[in-house]
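To start, the structure itself, in structure tokens.
The values are calculated or read from the model by the stated rules, or taken from the named source; none is laboratory data. These numbers were taken from a predicted model, which means no experiment stands behind them. Cβ sites come from the backbone with ideal geometry, for glycine too, and all protein chains shown count toward neighbours. All accessible areas refer to the heavy atoms of the entire protein, side chains included, with ligands and DNA or RNA removed. Shrake-Rupley method; radii C 1.70, N 1.55, O 1.52, S 1.80 Å.
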Amino acid sequence: MQPLDILVGTVAIVFGLFLIAGATLDGPWLMSLAKPRLLADAIGKPAARVLLAVIGVGLIVLGIVVARGWRVNWG
């Protein structure tokens, strides 16, 4: 594991927790941002909150995988 992998994984986990907390607490600080507001206008606020929480879980999983040293093989 390289320190950069751990840093990138940690940042992804923090953003995932941010999205989950904002979605579950119905945080006005999250829903006042431009993209979540557009999402809420398009599919409705309850569905947008669920989708944001799912994206948060995905970011946490991705952060764990990256922090453990996984890399894309582009070759």
Separation in nanometres of the label points that stand 7 Å from Cα toward Cβ, at residue 37 and residue 57: 2.9
Per residue solvent-accessible surface (Å²) - region 2-75, probe of 1.4 Å: 68
Accessible area of the chain belonging to carbon and sulfur atoms, whole % at 1.4 Å probe: 74
Percent of C-alpha pairs per 10 Å bin, the chain, short to long: 21, 40, 24, 14, 1
Computed magnitude of the charge dipole of the chain (debye, nearest 20; Cβ of K, R +1, Cβ of D, E -1): 60
For region 13-30, Karplus couplings with θ = phi - 60° (6.51, -1.76, 1.60), whole Hz, Gly/Pro x: 5, 4, 5, x, 5, 4, 5, 5, 4, x, 6, 6, 8, 6, x, x, 5, 8
Between 0 and 90°, nearest 10: helix 45-67 axis offset from the chain longest Cα axis: 10
